[in-house]
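The values are calculated or read from the model by the stated rules, or taken from the named source; none is laboratory data. Computed from a predicted structure; not experimentally measured. All Cβ positions, even for glycine, are placed from backbone atoms using ideal geometry, and neighbour counts span all protein chains on display. Accessible surface is based on the protein model in full, side chains and every heavy atom, while ligands, DNA and RNA are left aside. Shrake-Rupley method; radii C 1.70, N 1.55, O 1.52, S 1.80 Å.
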Amino acid sequence: METIRSIAIPPLTEDLERVLIDADTIQRRVNELANQINNDYKDIEEPLILVGVLKGSFIYLSDLCRKLTVPHVVDFIAVSSYGKSTVSSGNVRLLMDTRENLENHHVLIVEDILDTGYTLEYLVKNFKSRGTKSVETTVLLEKPERHLVPVDLKYVGFTVPDVWVVGYGLDFGEQYRTLPYIAEMKRK
Ligand code: PRP
C-alpha cells in the first residue's frame, strides 16, 4: 500500500475509475483557502460561524477549521434534496438546523460540492433572512457544467468535470466518504 506522510492510502477498488485529486493536493489547496479566509476575516469583532452542511462537508470542514487563525465557531446543518437518488429533486428540505443563533454574525457555509446549486441557493437565502452580518460560501469542489441556479461562490477548491466523484466526504450510497483523495466512480 502506498503511503503519503505516513497516511495509508487505500487502493482503488473495482468501482473507482481513477484518482482525480490526490490527498497532498487537497491539503495544499485547503491551506491556501484557509489563508485567504484568515486574511479576509482578520478584523471581525465576533467569531466567524462556520456552518458545515452534513454529511458531505465534515472532512473538508475539519481540515479547514484547524488551519484557521481567526476566532471561529463550528456548527452544522443538515438538508436533503437527493435522498437516495443520484439526481437532485431541486426541493431542499431542512433536516436539522444550526445550534448557534446566526443573527449579527458573519457566516461561512462550508460545502463539499456544488452541483446544481439548489442546496447553497436555499441556505444562502435562509441564512440572510436571519439577520446575519454576512453570508459567504466555500466549496471544495464545483461542477460548472451542472449548475442550474446561480450561486455566488467565494472560496472554491477545485472545479471537476461532470462525473460522479467520491472521497474526502463525498459518498456513493454512503460508501467511500473516508477516502483521503477524490476519485471518479466508474460509469455502470
Ligand atoms: C450533496 C452535497 C451537497 C449537495 C450539492 O449532498 O454534499 O450538499 O449534494 O448538490 P446541489 O448543488 O445539486 O444542491 P447530499 O444530498 O448528497 O447529502 P450528503 O452530503 O449527506 O452526501
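Figures for the structure shown
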{"quantity": "Some residue of the range 28-45 being surrounded by 15 or more Cβ atoms within 10 Å (Cβ to Cβ) and within 16 Å of the ligand (Cβ to nearest atom)", "calculated": "no"}
{"quantity": "Test result for Tyr122, within 16 Å of the ligand (Cβ to nearest atom), touching a strand residue (DSSP E or B) at 6+ places or on another chain (Cβ under 9 Å) and open to solvent by 30 Å² or more (accessible area, probe 1.4 Å)", "calculated": "yes"}
{"quantity": "Yes/no for Glu14 being open to solvent by 40 Å² or more (accessible area, probe 1.4 Å) and at pLDDT below 95", "calculated": "yes"}
{"quantity": "Number of the exception - Asn91 against (1) under 18 Å from the mean Cα position of the chain (by Cα); (2) open to solvent by 80 Å² or more (accessible area, probe 1.4 Å); (3) of a type in the set (S, T, N, Q)", "calculated": "(1)"}
{"quantity": "Residue count, the range 89-102 (criterion: without any contact (Cβ under 8 Å) to a residue 40 or more places away in the chain and near the ligand (Cβ under 9 Å from one of its atoms))", "calculated": "1"}
{"quantity": "Residue selected from the range 46-72 under the condition among the β-branched types (Val, Ile, Thr), free of Cβ contacts under 8 Å to residues at least 60 places away in the same chain and in contact with a strand residue (DSSP E or B) (Cβ under 8 Å, 6 or more places away or on another chain), by the criterion surrounded by the most Cβ atoms within 10 Å (Cβ to Cβ)", "calculated": "Ile49"}
{"quantity": "Residue, farthest from the ligand (Cβ to nearest atom), within the range 46-67, restricted to residues that are modelled with pLDDT of 95 or more and more than 16 Å from the chain's Cα centre (by Cα)", "calculated": "Pro47"}
{"quantity": "Search result, residues across the range 153-188 that are loosely packed, with under 14 Cβ neighbours inside 10 Å and within 17 Å of Gly52 (Cα to Cα)", "calculated": "Thr178"}
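For (1) within 15 Å of the ligand (Cβ to nearest atom); (2) under 16 Å from the mean Cα position of the chain (by Cα); (3) more than 27 Å from Pro180 (Cβ to Cβ); (4) not in a helix (DSSP H, G or I), each residue gets a yes or a no:
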{"residue": "Asn104", "(1), (2), (3), (4)": "no, no, yes, yes"}
{"residue": "Ile109", "(1), (2), (3), (4)": "yes, yes, no, yes"}
{"residue": "Asn126", "(1), (2), (3), (4)": "yes, no, yes, no"}
{"residue": "Arg130", "(1), (2), (3), (4)": "no, no, yes, yes"}
{"residue": "Val139", "(1), (2), (3), (4)": "yes, yes, no, yes"}
{"residue": "Pro150", "(1), (2), (3), (4)": "yes, no, yes, yes"}
{"residue": "Leu153", "(1), (2), (3), (4)": "yes, yes, no, yes"}
{"residue": "Pro161", "(1), (2), (3), (4)": "no, no, no, yes"}
